[in-house]
Amino acid sequence: MNRKLLLAANWKMNKLSGEAREFVLSYAAKLAESSVATVLLPPNTALVAVASTCKESGKGPVGLAFGAQNCYFQSSGAFTGEVSPQMLVDLGCRYVVLGHSERRAIFGESDELIGKKVKAALDAGLTPIFCIGETLDERNGGKLEEVLTRQVRVGLELVSDADLHKVVIAYEPVWAIGTGVVATPAQAQDAHKFVRSLLAKRSAQAAGQMQILYGGSVKPDNCFELMSQDDIDGALVGGASLEVESLLALHKECVRASK
Ligand code: PGA
């Protein structure tokens, strides 16, 4: 497997810009050189601070990149409260999270809407981190594969086979997000393998290249085993990404798992 691991820090609605700035300076100063990139995903209000401190840190986007947690699919216009992919590019973002389960559950985002956002983000030159995952009821009801199949099909419907490899997928079982209940490495690997098989139906080449991240209660003490699974190519981390030492520990575990 020659896919590199990616560590994505989803700060959700946390950190004021000054806190974000301090975080980046401290994290970058202690971050070891490696093949594992860190992607910081602050709230939009802290993006400027993160952009300028990432630049100051001199780490370069290969080691330390940043992005947003959401965007709209239009480039500009009368869409009060929304932010466009082009606006994120303007700030130096390389990534954008789309279809996070909190966006789906709390803000009612549909597979179709997320599909439009994925396409628009790609067209603007961003790498979408496209989130999928089942609820506990869906898993217990034997619907895991059906749900993932629908989310992948509709979410990537507008992306051409030639562009598919540019998308990062994040498999995040909803029951594992913020609960402390992490999927077992075997459960996660099974789901990732299934998702990769869905992608292979579109393009075998892209499926082999695409990073599929696991998310949901990843912590330093469970990270290594998860990241060592064949089809797991990184982590999307919420709670454990909010403290510098914890994110550094996660990064260390990712580096250990890449060897
Ligand atoms: P968690 O969140 O690590 O706090 O479970 C993950 C996510 O929502 O991306």
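The values are calculated or read from the model by the stated rules, or taken from the named source; none is laboratory data. Predicted model only: the values in this text are computed from it and were never measured. Positions of Cβ are generated from backbone atoms using ideal geometry, with glycine treated the same way; all protein chains shown enter the neighbour counts. Side chains are part of the model used for accessible areas, which takes the heavy atoms of the whole protein and leaves out ligands, DNA and RNA. Shrake-Rupley method; radii C 1.70, N 1.55, O 1.52, S 1.80 Å.
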Looks like the range 134-204, by Cα gyration tensor root eigenvalues a ≥ b ≥ c and the a/c under 1.5 rounded cutoff (else prolate when a/b is bigger than b/c, oblate otherwise), is prolate
Using a 1.4 Å probe on heavy atoms of the protein chains only, the accessible area for residue 123 in Å², nearest 10, reads 100 Å²
So, relative contact order of the chain in percent, Cα under 8 Å, 6 or more apart, is 21 percent
With a 27 Å threshold on alpha-carbon distance, the violating pairs from 12/252; 116/259; 30/117; 30/116 are 116/259; 30/117; 30/116
With a 27 Å threshold on alpha-carbon distance, the violating pairs from 59/119; 15/219; 4/143 are 59/119; 4/143
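Compare 166, 219 by solvent-accessible area with a 1.4 Å probe and give them largest first, with all protein chains kept in place.
Correct descending sequence by accessible area is 166, 219.
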Largest-first ranking of 38, 45 by accessible area, probe 1.4 Å, whole protein assembly kept, is 45, 38
Between the alpha carbon centres of the range 1-69 and the range 140-169 the gap in Å comes to 27 Å
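Tell me the mean residue ellipticity at 222 nm calculated for the chain from its helices only (DSSP H runs of n ≥ 4, each -39500 (n - 2.57), averaged over every residue, nearest 500).
That calculation yields -13500 deg cm²/dmol at 222 nm.
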Packing-ranked peptide list from 128-135, 199-206, 98-105, highest mean Cβ count within 10 angstrom first, is 128-135, 98-105, 199-206
Candidate span helices, the chain: DSSP H, at least 18 Å along axis from Cα coords, Kyte-Doolittle average at least -0.5, result 17-30, 111-124, 244-258
